1. Of the residues that make up segment 204-214, is at least one among the basic types (Lys, Arg) and within 41 Å of the chain's Cα centre (by Cα)?
2. Name the pairs: first residue in segment 40-65 and farther than 12 Å from Asn78 by Cα, second residue part of a helix (DSSP H, G or I), Cβ to Cβ under 7 Å, at least 6 apart or on different chains?
3. Considering only segment 451-482, state which residues are under 17 Å from Lys397 (Cβ atoms) and not in a strand (DSSP E or B).
4. Does Ala541 count as hydrophobic (A, V, I, L, M, F, W, C), in a loop (DSSP other than H, G, I, E, B) and either modelled with pLDDT of 90 or more or open to solvent by 20 Å² or more (accessible area, probe 1.4 Å) (or both)?
5. Restricting the first residue to segment 403-419 and requiring it to be more than 19 Å from Ala391 (Cβ to Cβ), which pairs with a second residue that is hydroxyl-bearing (Ser, Thr, Tyr) and part of a helix (DSSP H, G or I) meet a Cβ separation below 6 Å and a spacing of at least six or different chains?
6. For segment 518-536, indicate whether the set of residues that are more than 14 Å from Ile577 (Cα to Cα) and without any contact (Cβ under 8 Å) to a residue 60 or more places away in the chain is non-empty.
7. Let me spell it out: the conditions are (1) modelled with pLDDT of 90 or more; (2) open to solvent by less than 90 Å² (accessible area, probe 1.4 Å); (3) not small (Gly, Ala, Ser), and Asp209 meets all of them except one. Which number is the exception?
8. Filter segment 470-514 down to the residues that are open to solvent by 50 Å² or more (accessible area, probe 1.4 Å), within 16 Å of Tyr562 (Cβ to Cβ) and β-branched (Val, Ile, Thr) and list them by number.
Amino acid sequence: MEKKEFQAESKRLLDLMINSIYTNQEIFLREIISNASDAIDKLAYQALTDQSVGLNRSDFAITLKADEKYRLLTISDNGIGMTQEEMEENLGTIAKSGSLQFKKDLAADADVDIIGQFGVGFYSAFMVSEAVTVISKKFGSDQAYMWQSSGADGYTITPCERDGAGTDVILKLKADTEDENYSRFLKSYELRSLVKKYSDYIRYPIKMDVETQKLKEQPEGEEKKEDAKPEYETVVETETFNSMVPLWQRKKKDITEDEYAQFYRDKFFDFEAPLSTIHFSVEGAVTYQAMLFIPARAPYDYYTKDYKKGLQLYSSGVLIMENCADLLPEHFRFVRGVVDSQDLSLNISREMLQHDRQLKIIANNLEKKIKAELVRMEKDDREKYEKFFAAFGRQLKYGVVADYGTHKDLLQELLLFWSSKENKLVTLQEYVDAMPEDQKFIYFAAGESRSRLQQLPQAEPVQEKGYDILFFTDEVDEFVAQTLMKVGEKEFRNVAADDLGLQTEEEKKAAEETETEAKDVLDFLKETLGEKVKEVRLSKALKSHPVCLAPDAGMSFEMEKYMKRVNPDFAYEAGRILEINAGHPVFAALRSAMESDPEKAKKYARLLYSQALLMADLPLENPTEYTDLVCSLMQ
């Protein structure tokens, strides 16, 4: 028996196939099953015009068999089989694909899916095997042949016997090591798991005889003893591991909401049904099918670096990537689902995608479909959309800010913010549509909670005008406003800003005169507080409160807090501007103390600054000093 060399360059090439092209050992089973499916497809296609085949589609199957004693795993099919010459071409030449040639020979409209393209999938078997045997008999031939190899040293082909047409791939698994447990590929539960993961939608049944424990039946005529313990026996049953027909390949009208929900729960391990399902197919420059789900809640690790975004990518029902991140933009990373396409360019191992035009076309289309479904939900089912927004609204906001606002136009209409006037969530457009004609800006207040913002001193004049205020309680909200800048012609304006656009010209003139008259008090406060404040000025906003703190232009206090949390070493403070209400009794008391008891007036100044810090939800520099100050003024 002559040993033949591979018709590839050297042992180094096969080593590259085994050790470099494939990075995940378990995909060997996917590759061999895909080859078996291709072989059956070829015979099934022939059966359409050749009555001598004598087989219907229901007669075809792929069979797994494990022999733990001899460490053998066999994958068999009853497909078209191979002649000796085809073995030479397909198995003796690395990267020679019989499936690819068959696909080229077919008519363009042939109803057959061929998975294999590159002719290297078979060699992934050597990742887990010390020797591989292939027994194959071509349909219509009387002679079977056996191909054997232990790796790159070469192979042999000898005549043998096989009952019918088809192919058996027999793997002699490697011995276990400290790092690798090859024996797991002989366990029925592991094989079942791998088939479900990678080959669940192969169109032919993948079967295996599996041992199970069953309760022994009571023999007829024998009385059952009351204290008898149940007895079990081991039986062997043939189990089909794969479901064969993907749900996404069925027509939408034939699928119930319960079926969608069950598929989602099973596939993505969620106990709650999705809020919405997007199911569609596209034919054209790129043909594909997609079934996407919008979850009802965020996974526990969603806002961590451990979360893996992406859709499951299939090619003709075979799982290629568990999480294809390139199919989803970051702002829609919460979407789960599957995409199945034959048109994508895969790399040689089919473990990853080539980044090409087809992939971008699919990704862009998916983004539009997701956006359209969210808009529909927002308009037609607000309660459901608000549930979605509670889980993933922050993600949309980050999407607005990311990439220098590239996606802001796409995402703006999906945002919701709390309306202090309506006491509910509203879109930005709903806010603008409800604005009185004389309102110049979109007013917002930023803070940690709605309850604290309700008490914000600067909100009073806006509320007195009957204008609505949006409450920004997410740390990203102010950055969203800065990125959007305006909605239509209406700009955003923080209620803590110096100019809220509320004063008439007469009021502005009166305020300037008052500030001139109050210059002595303002100068005293600035001199007393020193570097603690950048400026002291009369407030244009305060009504019932004596003082407040306003940030210097360019950065708010909430932004300051965020920066300190994100990067404490490089964070800096927003400038503090103390505003005082000239119409409040405290102002008169301070001026009186300045004349009669300057030291007491200084205590008043420090007390007012501390109160302003507290109302701005900023930390006191020295709480003990503050309490001592209060006590000294009470004596």
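1. Looking for residues that are among the basic types (Lys, Arg) and within 41 Å of the chain's Cα centre (by Cα), one finds at least one in segment 204-214, hence yes.
2. If the second residue must be part of a helix (DSSP H, G or I), the pairs left are Gln46/Val53; Ala47/Val53; Leu64/Leu191.
3. Scanning segment 451-482 gives Thr473, Asp474, Glu475, Val476, Asp477, Glu478, Phe479, Val480, Ala481, Gln482.
4. Spelling it out, it is not the case that Ala541 is hydrophobic (A, V, I, L, M, F, W, C), in a loop (DSSP other than H, G, I, E, B) and either modelled with pLDDT of 90 or more or open to solvent by 20 Å² or more (accessible area, probe 1.4 Å) (or both).
5. As it stands, the answer is Gly405/Thr483; Lys408/Thr483, since those pairs meet every condition given.
6. yes
7. (2)
8. Thr473
The values are calculated or read from the model by the stated rules, or taken from the named source; none is laboratory data. These numbers come from a predicted model, not from an experiment. Heads up, the Cβs are rebuilt from the backbone with ideal geometry, glycines too, and the neighbour counts pull from every protein chain shown. Calculation scope for accessible area: heavy atoms of the full protein, side chains included, ligands and nucleic acids excluded. Shrake-Rupley method; radii C 1.70, N 1.55, O 1.52, S 1.80 Å.
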